[in-house]
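The values are calculated or read from the model by the stated rules, or taken from the named source; none is laboratory data. Everything numeric here is computed off the predicted structure, so don't read it as measured data. Reconstructed Cβ throughout: ideal geometry from the backbone, glycine too, with neighbour counts over all protein chains shown. Ligands, DNA and RNA are excluded from the accessible area calculation, which covers all protein heavy atoms including side chains. Shrake-Rupley method; radii C 1.70, N 1.55, O 1.52, S 1.80 Å.
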Amino acid sequence: QMCAFFGRITVRCTARRLSTLAIGDMADQLLGPSSGAQTVERLWAMSDVHTDTKENLDFISRLDPLAFRSDGLIVAGDVSDDMSIVRLTLRSLRSKFARVFFVPGNHELWVGRRRSDGCADSLQKLAALEQLCAEEGVDAHPSRLVVSSGRAGAQVNLWVIPLLSWHSPDFDTEAEIDARWTGIPAADQVCGDYFQCKWPPPLKQQDGSVSGRLDSMNDERLSEAPLAGDDREKLAALFESGTRDPGDIVVSFSHFLPRIELTPEKRYLYFPCLNKFVGSLALGARVSRLHPDIHVFGHTHFGWDQELDGVRYLSPPVGYPRERSVRMSTIAVGGFPEAAEHEEQATEPVLVWSASSGFPGKYPAGWSGFYQQYPREPDQALVLPDYVADRYHWDEKRHGPKGAVTGWNGKI
């Protein structure tokens, strides 16, 4: 059963979104649809674009309609839970880039607020999203591009591999906050996915079966990837053991996190339970086997650029306007997305790879920069920084002064 949404565009745009829609349509009329090119000169990325907000939709509209016509773009999930906004956003991006690669985030699979989308559950909505991508010329399956690399311009393969994933509580393998701190909510009290998603039995988010099901779909999708000749066998070898031809470049991406080291330790989080709904062990095992050059991810709205076990992990969130106004230093990757706050500045996503220069140098990013300087100490679960400690209760009569367990332990 497919969603009733297929084959139509729900026109529910508010007046503030109409200008962006007009710009996207104008680009299509003037420039024609992108070619579905088999090569790109550069590969860019961004995640968590949340174009439900006017400011973020404006950011997309300000991307130059000509500057990226020979380039590819990775969108690592969380555009919107509204299918009409997903369509408008991807269509606008598709008019500006030669190739657009997309994987859904958690927001796309919400069904609680969007009954008019016609999806009975989140798996149906996933199918609807894949159909939408097919209709809009957006890549939702692994692709092989032939690109020029280096000064000599040697022809090599660039594999761009979207990975479906979902979060699972067992991803959080680190120590819980000391039980003397009270008032800390459980994951299912603060994670909207527990309320907004609906999964057909026997799937449940709480036991990790949703995470396992979506991960297994990556293997099922091998047969659906638009590949010719022996490319499917090469992709299967990549999936199984990371085997690739000499010179091949592999860039994979997911919405969720493949490793716990890619998020701050829970004592640094407003909601220490966050790490129970950000990542997937199954995804981590898959990325480990694939062993890409770069893996792009999203979801946490923390900018990140870190190498672990020979794989570079990059998180390039746009985030919400309110977040950018109060904590740009922990969202930003290099200069992105600061330009989104300045209408007079040219905007661009985060560069992942270029035919002329290869992979870019490491981007400065708040939390990954923190862990460059200080080791991860997940067993330290007693002392909380003040912005976290202020949210929770410490019984001073029973346990001593709260000030004694508040701070950074000399880490700033």
His141, sole failed condition from (1) in contact with an Asp or Glu (Cβ under 8 Å, 6 or more places away or on another chain); (2) not in a loop (DSSP other than H, G, I, E, B): (2)
Elements of type helices (runs of 4 or more DSSP H) in the stretch 298-412, at least 2 residues being touching a helix residue (DSSP H, G or I) at 6+ places or on another chain (Cβ under 8 Å), closer than 28 Å to Trp181 by Cα and not acidic (Asp, Glu): 321-331, 366-373, 386-389
Test: residue in the stretch 260-268 that is at pLDDT below 95, within 19 Å of the chain's Cα centre (by Cα) and open to solvent by less than 20 Å² (accessible area, probe 1.4 Å): no
Of the criteria (1) in contact with a strand residue (DSSP E or B) (Cβ under 6 Å, 6 or more places away or on another chain); (2) charged (D, E, K, R); (3) open to solvent by less than 10 Å² (accessible area, probe 1.4 Å), which one Asp139 fails: (3)
Residue check for Val350: open to solvent by less than 30 Å² (accessible area, probe 1.4 Å) and closer than 20 Å to Asp64 by Cα: yes
The stretch 321-334 residues that are under 12 Å from Asp305 (Cα atoms), paired with ones that are open to solvent by 40 Å² or more (accessible area, probe 1.4 Å) and in a loop (DSSP other than H, G, I, E, B) (beta carbon under 7 Å, 6 or more apart): Val333/Tyr363; Gly334/Tyr363; Gly334/Pro364
The one condition in (1) buried (at least 19 other Cβ atoms within 10 Å of the Cβ); (2) hydrophobic (A, V, I, L, M, F, W, C); (3) closer than 21 Å to Lys198 by Cα that Val100 fails to fulfil: (3)
Failed item in (1) free of Cβ contacts under 8 Å to residues at least 40 places away in the same chain; (2) within 30 Å of Pro65 (Cα to Cα); (3) open to solvent by 30 Å² or more (accessible area, probe 1.4 Å); (4) not β-branched (Val, Ile, Thr), with Pro401 passing the rest: (2)
Count of residues meeting criterion [at pLDDT 95 or above, of a type outside the set (Phe, Trp, Tyr) and farther than 30 Å from Pro272 by Cβ] in the stretch 148-182: 4
Sole residue being open to solvent by 40 Å² or more (accessible area, probe 1.4 Å), touching a residue at least 24 places away in the same chain (Cβ under 8 Å) and either within 31 Å of the chain's Cα centre (by Cα) or more than 21 Å from Asp172 (Cα to Cα) (or both), chosen from Asp395, Asp386, Asp390: Asp395
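Could you list, in sequence order, all residues of the stretch 193-223 that are open to solvent by 70 Å² or more (accessible area, probe 1.4 Å), within 27 Å of Val311 (Cβ to Cβ) and touching a helix residue (DSSP H, G or I) at 6+ places or on another chain (Cβ under 9 Å)?
Taking the stretch 193-223 first, the residues open to solvent by 70 Å² or more (accessible area, probe 1.4 Å) are 195, 198, 201-202, 204, 206-207, 213, 219-220, 223.
Now narrow it down to the ones that are within 27 Å of Val311 (Cβ to Cβ): 213, 219-220, 223.
Answer for the stretch 193-223, where residues must be open to solvent by 70 Å² or more (accessible area, probe 1.4 Å), within 27 Å of Val311 (Cβ to Cβ) and touching a helix residue (DSSP H, G or I) at 6+ places or on another chain (Cβ under 9 Å): Arg213, Asp219, Ser223.
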Test: residue in the stretch 336-359 that is among the acidic types (Asp, Glu) and under 25 Å from Ile184 (Cβ atoms): no
Residue in the stretch 272-290 that is touching a His at 6+ places or on another chain (Cβ under 7 Å), without any contact (Cβ under 8 Å) to a residue 60 or more places away in the chain and among the aliphatic types (A, V, I, L, M) present: no
Options Val333, Val278, Val318, Val352: the member that is closer than 18 Å to Thr173 by Cα and either charged (D, E, K, R) or within 15 Å of the chain's Cα centre (by Cα) (or both): Val278
Per-region count, the stretch 103-138, residues modelled with pLDDT of 95 or more, part of a helix (DSSP H, G or I) and small (Gly, Ala, Ser): 4
Given (1) over 18 Å from the mean Cα position of the chain (by Cα); (2) open to solvent by less than 10 Å² (accessible area, probe 1.4 Å), number of the condition Ser254 does not satisfy: (1)
Restricting the stretch 155-180 to residues that are touching a Ser or Thr at 6+ places or on another chain (Cβ under 7 Å) and within 24 Å of Asp230 (Cβ to Cβ), the residue that is most open to solvent (accessible area, probe 1.4 Å): Gln155
Members of the stretch 283-324 found to be touching an Asp or Glu at 6+ places or on another chain (Cβ under 8 Å), surrounded by fewer than 23 Cβ atoms within 10 Å (Cβ to Cβ) and either under 22 Å from Phe271 (Cβ atoms) or not basic (Lys, Arg) (or both), listed by number: Ser288, His301, Gln306, Leu308, Val311, Tyr313, Pro321, Arg324
Neighbours by Cβ (under 8 Å, 6+ apart or cross-chain): first from the stretch 218-235, under 23 Å from His255 (Cα atoms); second in a helix (DSSP H, G or I) and open to solvent by 20 Å² or more (accessible area, probe 1.4 Å): Leu222/Arg232; Leu222/Ala236; Ser223/Arg232; Ala225/Arg232; Leu235/Leu222
